[in-house]
Amino acid sequence: MNPQTRPTVDHPTVDHRSTAYRRTGELLTDAEPTSTCARIRLRDGTEVATEVIGPAESDDRLGDIVICHGTPWSSRMWRPLAHELGQSYRVHLWDMPGYGESIPGGGFTDHPPAESAPAEAAPAEAIPALPESPAVDLVTQGRRLAELLEVWKLESPHVIAHDIGGAVALGAHLFDGREFASLYLLDIVTLGPWGSPFFRLVAENEPVFAALPAPLHRALLREYIAGSAGSALNGSRLEDSRLELSHLDGLADPWCSPAGQSAFYRQVASLSPRHTQGIADSLGEVRCPVHIGWGEDDPWIPVEQAERLAKRLPGYPGITRFPGAGHLVPLESPEEFAADIRSWFSSRSVDDNPEAPDGTAEAPADLVFPNDSSVARTTTR
């Protein structure tokens, strides 16, 4: 995607003019969620591609949800769920700098252009120049999330975090003082050991990988992404997994341009377990309700880590396991995952609602997703 397809908004001024479209680009009806897209420039000069999806009619009672993606993914993977939740919540998506539409000079090739005018720029001395290669380590990304929550004026949103997005969200919460209404952690990167031999090889030879001929890079990238599917755990073919070939194409897309290829190896080389050690040591200090989700056949981060994670968190959170799914539960088990998210937010809405005169808690009127008990799932507490 070209940079001009989203308005650039210099922090702390945000342009809230919205462009409503379905994934095909046509206008939405008033009854369906609308999308507000913006590029937000943070204090360190990096630009963050953002999208806020919510009901067409503004309602101050609506809850806010922030979704933190993992690697090598982007918020694109979360749009189907965000559009569903956007019927009753404001859902905030962002591509971390160095990922998806926040790759300088890169992005997706098929995103419909946003129809909003650029915002007025802040004084040049107030905002640093846009860095060509922004820092993409987990500590820096956590600080950016903390700042982005300020820009969005979110004091205590619900958060869904996947993969390294879990470390980013936990870092903003534990070390930057951001409060969350709740936290759903899905196959997250936090507890050691993590990081494959491939990560170490790239870290030691990043310039070599960045200079690979494009066809070799694309082949390596597709094999790497295919290795995240549940089928990879038992050696099955991708064609036999729940991860479709169209998913593979979409996930690889932003990394296939010259800028994307460099960004891919840069982010791999920047990820280090030393950046999550402090988070792992501080898990007992988490200050919000937590639920854990995990693909039972995750070949990248074994499901056994879910139990280890729960034991370190206050109150021993519940765990939902998704049979047959690998690391990409939203794509491999979308219906089961959406049902579990609805169940989690339903329980939080009831828990957070004041008691009725008869002593019972009533769900708020704007909650439109009931707990779908017809979807099979395995939950332990």
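Some points to look at:
- Debye, to nearest 20: dipole size of region 142-276, +1 on Lys, Arg Cβ, -1 on Asp, Glu Cβ: 260 debye
- Accessible area ranking (1.4 Å probe, heavy atoms, ligands and nucleic acids excluded), largest first, for Glu179, Glu47: Glu179, Glu47.
- Cα centroid of region 138-188 to Cα centroid of region 270-346, whole Å: 15 Å
- Mean projected area in nm² (Cα convex hull; one quarter of hull surface) for region 140-226: 7.5 nm²
The values are calculated or read from the model by the stated rules, or taken from the named source; none is laboratory data. As the structure is a computational prediction, the values presented were derived from the model and not from experiment. Counting neighbours? That spans all protein chains shown, and the Cβs are built from the backbone with ideal geometry, glycine included. These accessible areas exclude ligands, DNA and RNA; they are computed on the full protein's heavy atoms, side chains included. Shrake-Rupley method; radii C 1.70, N 1.55, O 1.52, S 1.80 Å.
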